[in-house]
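Student: Below you'll find the structure I mean.
The values are calculated or read from the model by the stated rules, or taken from the named source; none is laboratory data. Just so we're clear, the structure is a prediction, and the values are computed from it rather than from any experiment. Every residue, glycine as well, gets a Cβ built from its backbone with ideal geometry; the counts of neighbours run over all protein chains shown. We work out accessible area using only protein heavy atoms, side chains counted, and drop any ligands, DNA or RNA first. Shrake-Rupley method; radii C 1.70, N 1.55, O 1.52, S 1.80 Å.
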Amino acid sequence: MKRCYHCPRCEALLNPGTKIIIKAVKDLGAGLLLFSPQVGNYNLVMPDSFHLSIGDRVTFYCPVCGTDLTSGADENLASLDCRIAGRSRFQVHFSRVFGKHATFVVRDGNVASFGEHAPDYLAVNFFGEGEKDVLAYSGYSRHV
């Protein structure tokens, strides 16, 4: 089943083909980046003219409506809505820091974590109700 990623504001489909398309801005540079829709796959396609170094924090925007995709849960994460045909909507949060591999799927009160840097985000509260630990909610959590 195909995961369909959407802007949380305008609900535009951001992966009409095989990649998720997101606008990225760093300092005075901007470019369209192509991400894998597979959670935990950190391969990225970016234009040669858009230069990132490990540790650079990027701001991601919807390429359709221009909404800042920074997560409300943590300023070092961005988030998208995701739908799988026949299933409910859920959120995918991913690191805005280039080279930091951390992705979180938030669905039905659970958090699944992916990437070797996911433990760096243990204090993130995805549910907005006081201090909570990511792993305390992750009945199906794993670190890849």
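Student: Residues that are among the aliphatic types (A, V, I, L, M): which strands (runs of 3 or more DSSP E) entirely in the range 1-58 hold 1 or more of them? Write out each step before concluding.
Tutor: On the way: elements: 3-6, 20-26, 29-35.
Where strands (runs of 3 or more DSSP E) fall fully within the range 1-58 and carry at least 1 residues being among the aliphatic types (A, V, I, L, M), they are 20-26, 29-35.
Student: Which one is nearest to Thr70 (Cα to Cα), of the residues in the range 1-16 that are without any contact (Cβ under 8 Å) to a residue 40 or more places away in the chain and open to solvent by 40 Å² or more (accessible area, probe 1.4 Å)?
Tutor: Leu13
Student: Still on this model: Looking only at residues in the range 71-86 that are surrounded by fewer than 21 Cβ atoms within 10 Å (Cβ to Cβ) and without any contact (Cβ under 8 Å) to a residue 60 or more places away in the chain, which one is nearest to Gly55 (Cα to Cα)?
Tutor: Per the stated criteria, the residue is Asn76.
Student: On the given criteria, is Val64 open to solvent by 40 Å² or more (accessible area, probe 1.4 Å) and of a type in the set (Val, Ile, Thr)? Even if it seems obvious, please write down each step before you answer.
Tutor: On the way: open to solvent by 40 Å² or more (accessible area, probe 1.4 Å): yes; of a type in the set (Val, Ile, Thr): yes.
The answer is yes for Val64.
Student: Counting only residues that are of a type in the set (D, E, K, R) and on the phi < 0 side of the Ramachandran plot, give me the strands (runs of 3 or more DSSP E) lying completely in the range 63-111 with at least 1 of them.
Tutor: The qualifying strands (runs of 3 or more DSSP E) are 77-84, 103-107.
Student: When the range 87-96 is examined, which residues are found to be open to solvent by less than 60 Å² (accessible area, probe 1.4 Å) and under 11 Å from the mean Cα position of the chain (by Cα)?
Tutor: Result: Val92, His93, Phe94, Ser95, Arg96.
Student: Can you find, within the range 116-127, the residue that is most open to solvent (accessible area, probe 1.4 Å) among those that are in a loop (DSSP other than H, G, I, E, B) and either aromatic (Phe, Trp, Tyr) or within 19 Å of Asn15 (Cβ to Cβ) (or both)?
Tutor: Phe127
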